[in-house]
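Shown next, in structure tokens, is the structure this report addresses.
The values are calculated or read from the model by the stated rules, or taken from the named source; none is laboratory data. Everything numeric here is computed off the predicted structure, so don't read it as measured data. Every residue, glycine as well, gets a Cβ built from its backbone with ideal geometry; the counts of neighbours run over all protein chains shown. To get the accessible areas, we keep the full protein, side chains included, count just its heavy atoms, and leave off ligands, DNA and RNA. Shrake-Rupley method; radii C 1.70, N 1.55, O 1.52, S 1.80 Å.
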Amino acid sequence: MNNLLDTLGLQAENLGSSSGHDAWHKGGGPLLESFNPTTGARIAAVQQADAATYEAVLAAARSSFQSWR
């Protein structure tokens, strides 16, 4: 399974919110897990964002947009 995750650029646990340009934010929300339906083995998980994380991502995006304009 690790080879598949490496190919996809994923890890066993992943940050779930990005404001672009490889800027990932760790969320305070629940962990969303993905399981192999055949074996029941956990494939990977994504840390979901909470409201504060979304606000941080939005602020970073607005800042980037201002410098881009």
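For the reader, a short list of remarks on this structure follows.
- Summarising the amide proton neighbourhood of residue 17: residues at separation of 5 or more, or on other chains, whose placed amide H is nearer than 5 Å comprise 25, 27.
- Surrounding net charge for residue 32, when Lys and Arg each add one and Asp and Glu each subtract one, Cβ distance under 14 Å: -1
- Ordered from largest to smallest accessible area (heavy atoms of protein chains, 1.4 Å probe), the residues 55, 13 come out as 55, 13.
- Average accessible area per residue (Å²) across the chain - probe 1.4 Å, nucleic acids and ligands excluded: 75 Å²
- List 8, 31, ordered by accessible area with a 1.4 Å probe, largest first: 8, 31
- Going through (1) 5.2; (2) 5.5; (3) 6.0, the figure that equals mean projected area of the Cα convex hull in nm² as computed for the structure here is (2).
- Only helical runs count toward this figure. For the chain, summing -39,500 (n - 2.57) over DSSP H runs of n ≥ 4 and dividing by all residues gives -11500 deg cm²/dmol at 222 nm.
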